[in-house]
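The values are calculated or read from the model by the stated rules, or taken from the named source; none is laboratory data. All of these numbers come straight from a predicted model, not from anything done at the bench. Quick reminder, even Gly has a Cβ in these numbers, built from the backbone with ideal geometry, and neighbours come from all protein chains shown. Just so you know, the surface numbers come from the protein's heavy atoms only, side chains and all, with ligands and any DNA or RNA stripped out. Shrake-Rupley method; radii C 1.70, N 1.55, O 1.52, S 1.80 Å.
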Amino acid sequence: MFNDSRQSYNFTANAGGVGSTARVAISDVAFKNASLDEVRAVTGHEIGHYVLKHTWWAVLFYSIAAIVLFWFADRAFPWFARRFGSSAALSDPRGLPVLMFMVSLLGLISLPVLNTFSRTIETQADQYSLHTENRPDALSSALVKTAEYRYPRPNPVEEIIFYDHPSVERRVHTAMEWKAAHPEPPAQ
């Protein structure tokens, strides 16, 4: 648990670190506002990130993305510099405004790809929680609590470009589909 209420009233949790530094952290706000089943479902999601090695996959993915973007910036800098009326080289401090423009443009262009990767691992972690904890109602109600700070129903284009997590609506719908496909056994 971490004390997030000093900074925010958001219902949050996260998993991070590798090896002996790995941890799952759930905010005190989440503990205060969640049922035990919701905490277990969210913890299952965060443990899913660890078990599925999402930290390592993220390091690999973002490293490759950075290499590709740096390579492209190196190759495209002269073209952009000419468009800005500059004869500066990439190593010249006078080229910094051109480089900053390129970084901004490339960041915007690559955002859908980076966010798609993030949404994919979040979906995998949700599936892990559903399969291990079998608490689709609790996961859904915990997700609905995040709608206070994350718009739950973006249009598809908005979600692709700006959302690093699947929309709350999509995640709840997926949990309810999973529940329908995996009915609880009758009580004996």
Quiz item: Which residues, taken from the range 142-188, are touching a helix residue (DSSP H, G or I) at 6+ places or on another chain (Cβ under 6 Å) and among the basic types (Lys, Arg)?
Solution: Arg153, Arg171, Lys179
Quiz item: When you go through Leu130, Leu114, Leu143 one by one, which is the residue that is at pLDDT 95 or above and closer than 28 Å to Glu184 by Cα?
Solution: Leu130
Quiz item: Within the bounds of the range 31-40, is there any residue that is more than 30 Å from Ala125 (Cα to Cα) and not hydroxyl-bearing (Ser, Thr, Tyr)?
Solution: no
Quiz item: Taking the range 25-69 as the region of interest, how many residues are crowded, with 19+ Cβ neighbours inside 10 Å and not in a helix (DSSP H, G or I)?
Solution: 3
Quiz item: Hey, Thr132 hits all of (1) within 19 Å of Ser118 (Cβ to Cβ); (2) out of contact with any Asp or Glu (no Cβ under 9 Å at 6 or more places or on another chain) but one; which does it fall short on?
Solution: (1)
Exercise. Those residues that are part of a helix (DSSP H, G or I), surrounded by fewer than 16 Cβ atoms within 10 Å (Cβ to Cβ) and not acidic (Asp, Glu), I need them from the range 145-168; list them, please.
Key: Ala147, Pro156, Val157, Ile160, Ile161, Phe162
Exercise. Tell me which residues, restricted to the range 70-115, are in contact (Cβ under 8 Å) with a residue 24 or more places away in the chain and open to solvent by 60 Å² or more (accessible area, probe 1.4 Å).
Key: Phe72, Val103, Val113
